[in-house]
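I have placed the structure first, in the form of structure tokens, so that the comments after it can refer back to it.
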There are 4 protein chains.
Amino acid sequence: MRFFSDNAAPAHPKVLEAIVAANRIDTAYDGDEWSRRLDGAFSDLFETEVRALWVTTGTAANCLALAALCPPYGGILCHKDAHIEVDEAGGPAFFSGGAKLILLDGPGAKVTPETVAAACDGIRKDVHQVQPAALSITNATEYGLVYRAAEVAALGALANERGLALHMDGARLANAIATTGASLADMTWRAGVAALSFGFVKNGGLNAECLILFRTELADEIAVRRKRAGHLLSKGRYLAAQLLAMLDGDLWLENARAANAAAQTLAKAAPKRLAYPVEANELFLNVSADEAERLRSLGFDFYDWGPGEIRLVTSWNQQGEDLDRLAAAIAAL
Amino acid sequence: MRFFSDNAAPAHPKVLEAIVAANRIDTAYDGDEWSRRLDGAFSDLFETEVRALWVTTGTAANCLALAALCPPYGGILCHKDAHIEVDEAGGPAFFSGGAKLILLDGPGAKVTPETVAAACDGIRKDVHQVQPAALSITNATEYGLVYRAAEVAALGALANERGLALHMDGARLANAIATTGASLADMTWRAGVAALSFGFVKNGGLNAECLILFRTELADEIAVRRKRAGHLLSKGRYLAAQLLAMLDGDLWLENARAANAAAQTLAKAAPKRLAYPVEANELFLNVSADEAERLRSLGFDFYDWGPGEIRLVTSWNQQGEDLDRLAAAIAAL
Amino acid sequence: MRFFSDNAAPAHPKVLEAIVAANRIDTAYDGDEWSRRLDGAFSDLFETEVRALWVTTGTAANCLALAALCPPYGGILCHKDAHIEVDEAGGPAFFSGGAKLILLDGPGAKVTPETVAAACDGIRKDVHQVQPAALSITNATEYGLVYRAAEVAALGALANERGLALHMDGARLANAIATTGASLADMTWRAGVAALSFGFVKNGGLNAECLILFRTELADEIAVRRKRAGHLLSKGRYLAAQLLAMLDGDLWLENARAANAAAQTLAKAAPKRLAYPVEANELFLNVSADEAERLRSLGFDFYDWGPGEIRLVTSWNQQGEDLDRLAAAIAAL
Amino acid sequence: MRFFSDNAAPAHPKVLEAIVAANRIDTAYDGDEWSRRLDGAFSDLFETEVRALWVTTGTAANCLALAALCPPYGGILCHKDAHIEVDEAGGPAFFSGGAKLILLDGPGAKVTPETVAAACDGIRKDVHQVQPAALSITNATEYGLVYRAAEVAALGALANERGLALHMDGARLANAIATTGASLADMTWRAGVAALSFGFVKNGGLNAECLILFRTELADEIAVRRKRAGHLLSKGRYLAAQLLAMLDGDLWLENARAANAAAQTLAKAAPKRLAYPVEANELFLNVSADEAERLRSLGFDFYDWGPGEIRLVTSWNQQGEDLDRLAAAIAAL
């Protein structure tokens, strides 16, 4: 019973059906009928005109966006625990041609206007020091916390004031939306977000993520960068069809709600062990090595996350007996 | 009726079935059971130990290989019509950090030991000029010609003598094998190929290509580069399963034979119009603008390829009535 | 007696004197009094407001300019014999993050509006092919030919029409000005040049070149790129002082005239052997290997330039007896 | 009276004389007689075979070395206050093609085997996290502290054990040698240093630094990288001559001793105000804003270094009356 990552979950049946339905002759690359529907479908969803480009990974989405938002000689402010810093193998520097990640601190992988402003103020305005050009935040964060729309807006206002482009890594944005009930519009462009990596694979997709550009004038450049980075698939229709299936009937939201609910079930089993509030589909539990071993011996699979801490991630399809057994096992520790 | 690219063809049903069959919980990235079988499966196929990494595009396969084979300050010899030069948006320079493509001439996008040697000899051995470090050939070429195993071996011998790593872009290697009857081993590593971009998507795949490393010591570096370039999919099992399905029962070869046969059907319809011999699944026909228009008015779709020339590409699934109608239409021009 | 390169010549005594005179305490980097005078001095010289940044090599000047004028995913049109293509070790790709040099043909390393337009027209306007963003010309060319101001203006007009930024490699611009009598303004910004690498080292300088930006808004970015590339010297005053010395009393023009006159002396000795008209300070002579050997046995030093051809370059200080002896020796071949 | 940087000092007269003496015709680039003497001269100095390449800045020396020691996808461990992190505008990422600086903490900008080991141990050994490939230390540090040879050797041993190449930024190595009395050999290659940026400009040079390669097999690659980065000056003899002048009669050591002595004079004037021990030619003093103002009103020029702290740097030529007046003024605060 795998609780170590939402990447381990299968694709939702409707996603698979959409791929099968797309299995016919059509134009190559992104000229097909599914790909051509993306801009419209996501513009409707976000209540504004956007450009929507499929890619196959969150790393690609993040790095393509950042490369367009930050020059090679610029800096990208982000949390020291951000995925782009910790888990993308230097991808932002690769795609941007050397841009520097300028690291911020703060609990739960959240940044605040104060930490951003302080970092900016600590940089001399000369050619010797890298000047920040962008700010990237992750929502939900790498520790399962959620920025409310007002928090994003406060960061967006500061970013605007400081001349920083605001990027959101939304690998688990669906979970944040499910938690807060905010509209996608309020959580993103109305709050000042310029570009969003909108995650679907962790949320029931197969291998399609979506890069959403609120600054639509960036789309042509990013389309070139996507091709140049080998991310323009020759049969893009199978990606576009997945995304459309996820939007259909708000499957993305339904899946996120299910994953979040599963996380709450576990959270309630051991409220005193939580290292962070559970606001999305990740739990960080204070658990000794012995206790972790006991859980594993019962067939549960998860990551250790530093000494005395484990991480559990729930997925769209993890309800029912397995979940209840894990909750009981945690409660019984 | 689309004859403009084998990218327009659907995926083979067995490929789809394999994806569906892989739709269950497993480890993320490339730790799953399908991905772990690739090295063995391709080692069997190539009769030697190889490392096999899935990627989603030929551009990614080519550029990851070249980045490992050529330093940022080196040069990659290739034909001026090579896909890496003409159709990858500068990807080789991006992935390698600035390596230079040094262009060779020659009919049908083929390079020869003579053109390679002449290019090398024309470069001063000093720090002012970019020194070649790799040679990349495409088999079948961008004009549908095929290198025989002996031709590759001659290039491999020269490459070895000149200190050049040999890369093969095998987007349509299956078609070349179907034509020549050579073994994959003879066509590649026995001929001196260090790394092969083995194409499956044009040949009935959905979105999985395979980078084959005969110099297995490169695999760890390339695995890092793959992640850094955003090409390590979080649910890699859906790619690996496709590749295994293509190997199963030599589906890759069967599909290529079908596409080649379709091309021969068309070639026989207008032997005098052929700009090049038809050795794989591409045809370049001397056809006036009026004639091209006539074919299009009958519902056939293809690319213009310079003045008075069109390109037709046949796919694994293009037999039967449509093909016969096109053959007849060409014959009737 | 060295005629193989104007780089072999010594620095002019006035340049040395200026360095000695600058040898006192001052602010570091480019904050000193000499560096701060450059913008004004060059603005006067070019009859318009420019930004002038010292660098130590023509390669740095060219590549910094091109990196600002062309995105990493763009193309730079230039002649196939251009210094940036042939003799800068891939520097343009390094500085720009992978921009592609798109090569033009034409006698004497000159490009024309026709060759530029044809190259642009041959590129599909899609994401698969690298789109040109800049045009770089060398004046005087690598074969000692000179673009007249009207020729530059014709290229500038085309560049503007095609959305290309125009860069001039002026390693020997002084010689071109000496030959044509054109004003620097007419030869550069009035003709549409956006950035100029203005050469001084080949013309009597010690180690200071100057990057002139007519699009002054590029200066801040390029100042950052200069630092990042390790080209912001900590004691820049010794570079700035050299440049000011070269401007003082138009020493740059006087030196170029002397070098050109020396070239004419040699050209007149063997008019029938000239592979190109002698319009600056380089001569390309049709000379057999035996004849070249004879000249060398008399103590003259020069480069072979392909079979049956040699290159002679004259410098600011090469008048008098040595020159006359070489002229006589050539005439006597 | 400038005490804000040793970059503000003039060049030593013997350096200027050497430049003047080199002002004659010779071969271009680094083929001249002075440049060709560098390997030998520095091999003698370091008591082992080295390759010695001139460059014009410490940033260039550092970044060229690091680009050869660390792959684009690797990490470079260094102190968070290191010059390469703080004052080189992202140069290491630019030259290396995206390598990541992994930052260490510790007083006085010093790293220890413990901090290095802890940083390495905190990195998962997988493709998602950047793996360290090099360690860079600065001696004397950015806070004027000195690593003893034994400390470097301890770091070198750890680096070797962990597979890290050890680089030393020796912008002020001369001062460290003057302080410790260690031999250059003990302080560098015998302690495991692979490449050294040996600074001369801060120590009485004009614009020549030297990159010393103890791993001599790196020299050819770095020579290419130097050219490609625009750092191969066409008249390199003026750089080589400076370096030879600095070596002659150990002028480099004499100058460093003078600068260190001046720093000691100041240190003795206010021992209780020192933020760090004074081990080279930099002083960091706890001084209020009012006190700083008073010093400035007396004509002394220096940097503020955070609230309540100033930085003073002494140079090779700062003895005598000015120095005594500053010492007295500090003592009188």
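Descriptive notes on the structure:
- Antiparallel %, DSSP beta bridges [both residues in chain B], to 5: 45
- DSSP-defined beta bridges in the protein assembly as shown - what % are antiparallel, rounded to 5: 45
- Residue-wise HN-Hα coupling along the stretch B:305-321, computed from phi with Karplus coefficients 6.51, -1.76, 1.60 (Hz; x: Gly, Pro): 9, x, x, x, 9, 10, 10, 10, 10, 9, 10, 4, 10, 9, 10, x, 4
- Among beta bridges identified by DSSP and lying wholly in the stretch C:166-271, the antiparallel ones come to about 50 percent.
- With a simple spin-label model that places each label point 7 Å from the Cα along the Cα-to-Cβ direction, the separation between D:R294 and A:A289 comes to 5.9 nm.
- Rounded to whole numbers, the Karplus 3J(HN,Hα) couplings from phi for the stretch C:231-243 are 9, 9, 5, 6, 10, x, 4, 6, 7, 4, 4, 4, 5 Hz, using 6.51 cos²θ - 1.76 cosθ + 1.60 with θ = phi - 60°, and x at Gly and Pro.
- Probe 1.4 Å, accessible area per residue of the stretch D:187-308, Å²: 33
- Counting only other chain Cβ atoms within 10 Å of each residue's Cβ, the peptide A:194-205 averages 1.
- For D:L206, the accessible surface of its heavy atoms amounts to roughly 10 Å² (probe 1.4 Å, protein chains only, rounded to the nearest 10).
- Listed residues D:S297, B:S234 arranged by accessible area, highest first, probe 1.4 Å: D:S297, B:S234
- Overall form of the stretch D:99-251 per C-alpha gyration tensor (a/c, 1.5; a/b vs b/c): oblate
- Remark: spin-label model distance C:K125-C:D105 equals 2.7 nm, labels positioned 7 Å along the Cα→Cβ axis.
- For the stretch A:156-172, Karplus couplings with θ = phi - 60° (6.51, -1.76, 1.60), whole Hz, Gly/Pro x: x, 5, 5, 4, 4, 4, 8, x, 9, 7, 9, 10, 10, 7, x, 3, 10
- Accessible-area composition of the protein assembly as shown, carbon plus sulfur, in percent [1.4 Å probe]: 51
- Sum of side-chain charges, C:R228 neighbourhood, beta-carbon under 14 Å (Lys, Arg +1; Asp, Glu -1): -2
- Sum of -39500 (n - 2.57) over DSSP H runs of 4+, divided by residues of the protein assembly as shown (222 nm, nearest 500): -12500 deg cm²/dmol
- Of the GluC sites (Glu not before Pro) in the stretch A:1-75, the ones in a loop by DSSP (not H, G, I, E or B) with at most 15 other beta carbons within 10 Å are A:E47, A:E49.
- Gap separating the Cα centres of the stretch C:152-178 and the stretch A:240-269, nearest whole Å: 58
- In a DSSP loop and with at most 14 other Cβ atoms within 10 Å, the trypsin sites (Lys or Arg not before Pro) in the stretch B:100-135 are B:R124, B:K125.
- Surrounding net charge for B:L244, when Lys and Arg each add one and Asp and Glu each subtract one, Cβ distance under 13 Å: -3
- For the protein assembly as shown: rounded, prolate or oblate by the Cα gyration tensor [a/c cutoff 1.5]: oblate
- Rounded if a/c under 1.5, otherwise prolate or oblate - the stretch B:19-111, Cα gyration tensor axes: prolate
- Inter-part distance where the stretch A:1-78 and the stretch D:84-103 are each reduced to a Cα centre, Å: 31
- Largest first, the residues B:S288, A:S5 sort by 1.4 Å accessible area into B:S288, A:S5.
The values are calculated or read from the model by the stated rules, or taken from the named source; none is laboratory data. Computed from a prediction, not measured in an experiment: that's the story for all the values here. Cβ atoms come from the backbone with ideal geometry, glycine included; neighbour counts cover every protein chain shown. Side chains are part of the model used for accessible areas, which takes the heavy atoms of the whole protein and leaves out ligands, DNA and RNA. Shrake-Rupley method; radii C 1.70, N 1.55, O 1.52, S 1.80 Å.
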